[in-house]
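Rule-based calculations on the coordinates, nothing more; no lab input. Keep in mind it's a predicted model, so treat the numbers as computed, not measured. Backbone-built Cβ (ideal geometry, glycine too); neighbour counts: all protein chains shown.
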Amino acid sequence: MVKLIEVQTQNKYTGIGSGFTLREVYINPEHVVCLREDRAAKKHLHEGRMPADLDSRQEFTKIHLNRGQNGIDITVVGNPTTVENQLKNTKQLLRG
């Protein structure tokens, strides 16, 4: 499992709210289907809707996770290359 910082909307039902919050999330790298830059999150950062403690140069990655018949997309802090390296640098447990 890899610990990342997820960007979460404060009001996901209406799409309207005061902005976004950050929280820790643990991801199983075996369930990651793809990584891509999240430009919308970058736009929200420049609009001042993201938490104030984020640097204005921060980048974001959208991760698509496999959930069987469907998937889920989450946005995390960091550019795709950095997130990819974090996902690759996990310790493998011996299966026996």
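The table below lists the values:
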item: Length gained when the stretch Ser56-Asn89 is fully extended (0.36 nm per residue, less Cα-Cα span); result: 9.2 nm
item: Sparse-neighbourhood loop sites, trypsin sites (Lys or Arg not before Pro) in the range 24-96 - DSSP loop, at most 16 other Cβ within 10 angstrom; result: Arg49, Arg57, Lys91, Arg95
item: Spin-label pair Glu24/Ile72, simplified geometry with 7 Å Cα→Cβ offset, distance in nm; result: 1.8
item: Aspartates and glutamates with Cα under 15 Å of Lys88, excluding same-chain neighbours fewer than 8 positions away; result: Glu30
item: Calculated P(r) of the range 39-79 - Cα pairs past 10 Å, %; result: 73
item: Relative contact order [Cα under 8 Å, 6+ residues apart], the range 20-96, whole percent; result: 30
item: Theoretical gain in end-to-end length, Val2 to His64 [0.36 nm per residue, Cα-Cα removed]; result: 20.8 nm
